Amino acid sequence: MLFEQLGLSAELLRAVNEQGYHEATPIQQQAIPLILEGRDVLAAAQTGTGKTAGFTLPLLQRLNHARHEGPRAGVRALILTPTRELAAQVGESVKAYGRHLPIRSTMIFGGVSIRPQFAALRKRTDIVIATPGRLLDHVRQRTIDLSRVEILVLDEADRMLDMGFIRDIRAIMAELPRQRQNLLFSATFSKEIRRLAADLLNSPQEIQAPAQNVQADRINQVVWPVDQRRKRELLSHQIGARNWKQVLVFARTRHGADRLSKQLSQDGLNAVALHGDKSQGARTRALADFKAGRIRVLVATDVAARGLDIERLPHVVNFELPNVPEDYVHRIGRTARAGLEGHAVSLVCAEERKQLTAIERLLKIRIDTEVHPGYEPTARVGASSPDPRSGARSTPRPAKRKPGAPRNGAHRGSASRAGRHNGGPKANRRAG
């Protein structure tokens, strides 16, 4: 379905076309007409489905239409996000899609000076995109008025609950008028999300992106079995040998991200870490340098990487598998954007067998395995064979091989990668 068929105004269609988008994604096709009607919406949509445009476009149109009925002072729409990076991404989308409308927006998040935000809020502001903590700072200092908010959006609500923002969210809701439109977007409909929706939404229309792993069909996924102690060595070797120029690597902890980025830099790879302990200025510079190609490897934690929008990112690496399978989908969703194919590698040690099994169960596929000669996992008590999914144990030392015989474990996965397209016409770009 084309955007022209969704009831959007000429100004918005012009902005969408200038961004290079023509065909609406499934979540956009469902969400945009409902939001234009003024309905409350409960949407299950993962990163990469185009959900940001799905709520930004109709929100802008409703605010612009109401403007002709009489101007109102104060903030008219509030978009809450879990991280600074996501707030910045949504803010950029609001500006891009609203460039031909007289709608003003302001981004509010921590890690930067609050004084410029004071100045911005003293001017007319129609839309505020904010993280909960910094927004509450403004509420307590009475530098923002939320009493006239017409539309509330909770983006990635599941992540906000995971990060412990539920009290902040409820405190913010207490500042809002009772009569308003509410939009809640979440990757999953957990019990906690259902409870929040029951308190927040009024007779919502429930919608869902049709495929849970919407981008997996364009991502070449592969597992590299390797001992934990040799992961960094294998990763450095492969980045150099394959001449990868832009790689996003996921680490489980902030400390681990710092350590890995330093080790990769010592290996001659230009790497930097991105996580919550970094100042906002450092995070903004790191992301800008990575997008521009000045940094080769960006090592990020899950929270810091939420909201990263790098359209042509070719490679994503899971240095450590996440404990929550859905987070794997969010991670690999950083690649294969705008109809392009992507490459997702997971370095998996024997101790991560359970996480890998849970991920494959979620995706309903078996991810191919590549064992690299010289990096075959060693056997030890409780360890698995070179394929971390196997329960069989290897012998402590491989048997002597005859001259010319293949090295033990030096095999590759099947030629047809799980879920990878072979050819076909290039897909239309989709608004995200």
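The values are calculated or read from the model by the stated rules, or taken from the named source; none is laboratory data. Owing to the predicted nature of the structure, the values given are computational and were not obtained by experimental measurement. Ideal geometry is used to build each Cβ from the backbone, glycine not excepted, and the neighbour counts take in all protein chains shown.
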### Query
Does any residue in region 310-324 that is assigned by TED's automatic domain parsing to the domain that holds Pro225 and under 11 Å from Ala344 (Cα atoms) come within less than 7 Å, Cβ to Cβ, of a residue that is surrounded by fewer than 21 Cβ atoms within 10 Å (Cβ to Cβ) and hydrophobic (A, V, I, L, M, F, W, C) six or more places away or on a different chain, and which pairs are these?
His315/Trp244
### Query
Which of the residues spanning region 85-105 are touching a residue at least 60 places away in the same chain (Cβ under 8 Å), β-branched (Val, Ile, Thr) and more than 8 Å from Ile129 (Cβ to Cβ)?
none
### Query
Which of the following residues is in contact with a Phe, Trp or Tyr (Cβ under 8 Å, 6 or more places away or on another chain), small (Gly, Ala, Ser) and modelled with pLDDT of 90 or more: Ala120, Ala96, Ala45, Ala31?
Ala31
### Those residues of region 28-46 which are among the polar types (S, T, N, Q), surrounded by fewer than 24 Cβ atoms within 10 Å (Cβ to Cβ) and in contact (Cβ under 8 Å) with a residue 40 or more places away in the chain, in sequence order
Gln30, Gln46
## Note on the structure
In region 22-67, residues that are in contact with a strand residue (DSSP E or B) (Cβ under 6 Å, 6 or more places away or on another chain) and of a type in the set (Ser, Thr, Tyr) total 1
### Message
From the list Gly281, Gly293, exactly one residue is on the phi > 0 side of the Ramachandran plot and in contact (Cβ under 8 Å) with a residue 12 or more places away in the chain. Which is it?
### Response
Gly293
## Note on the structure
Note: among Leu78, Leu60, just one is assigned to a strand (DSSP E or B), over 19 Å from the mean Cα position of the chain (by Cα), assigned by TED's automatic domain parsing to the domain that holds Leu200 and aliphatic (A, V, I, L, M), namely Leu78
### Summary
The condition from (1) more than 30 Å from Glu4 (Cβ to Cβ); (2) modelled with pLDDT of 90 or more that Val112 misses is numbered (2)
### Query
Does region 156-171 contain at least one residue that is of a type in the set (Lys, Arg), touching a strand residue (DSSP E or B) at 6+ places or on another chain (Cβ under 9 Å), over 30 Å from Glu341 (Cα atoms) and modelled with pLDDT of 90 or more?
no
### Message
Just to be sure I understand, how many residues within region 227-243 are among the hydrophobic types (A, V, I, L, M, F, W, C) and within 12 Å of Asn318 (Cβ to Cβ)?
### Response
1
### Task
Filter region 178-191 for residues that are farther than 18 Å from Ile35 by Cβ and surrounded by 11 or more Cβ atoms within 10 Å (Cβ to Cβ) and give the result.
Ala187, Thr188, Phe189, Ser190
### Task
Could you list all residues from region 89-119 that are closer than 19 Å to Leu59 by Cβ, among the aliphatic types (A, V, I, L, M) and assigned to a helix (DSSP H, G or I)?
Val90, Val94, Ala96
### Failed item in (1) part of a loop (DSSP other than H, G, I, E, B); (2) crowded, with 18+ Cβ neighbours inside 10 Å, with Gln238 passing the rest
(1)
### Message
Can you tell me which condition Glu175 does not meet? The list is (1) in a loop (DSSP other than H, G, I, E, B); (2) surrounded by fewer than 15 Cβ atoms within 10 Å (Cβ to Cβ); (3) among the charged types (D, E, K, R), and all the others hold.
### Response
(2)
### Summary
Taking region 154-172 and keeping only residues that are in a loop (DSSP other than H, G, I, E, B) and surrounded by 18 or more Cβ atoms within 10 Å (Cβ to Cβ), one is left with Asp155, Glu156, Met163, Phe165
#### Entry: Leu136 being in the same structural domain as Leu101 (by TED's automatic domain parsing), among the aliphatic types (A, V, I, L, M) and either in contact with a helix residue (DSSP H, G or I) (Cβ under 6 Å, 6 or more places away or on another chain) or surrounded by fewer than 16 Cβ atoms within 10 Å (Cβ to Cβ) (or both)
yes
### Residue under evaluation Arg180, criteria (1) without any contact (Cβ under 8 Å) to a residue 40 or more places away in the chain; (2) out of contact with any strand residue (DSSP E or B) (no Cβ under 8 Å at 6 or more places or on another chain), criterion not met
(2)
### Task
Give just the number: which of (1) more than 16 Å from the chain's Cα centre (by Cα); (2) within 23 Å of Leu60 (Cβ to Cβ) does Ala157 not satisfy?
(1)
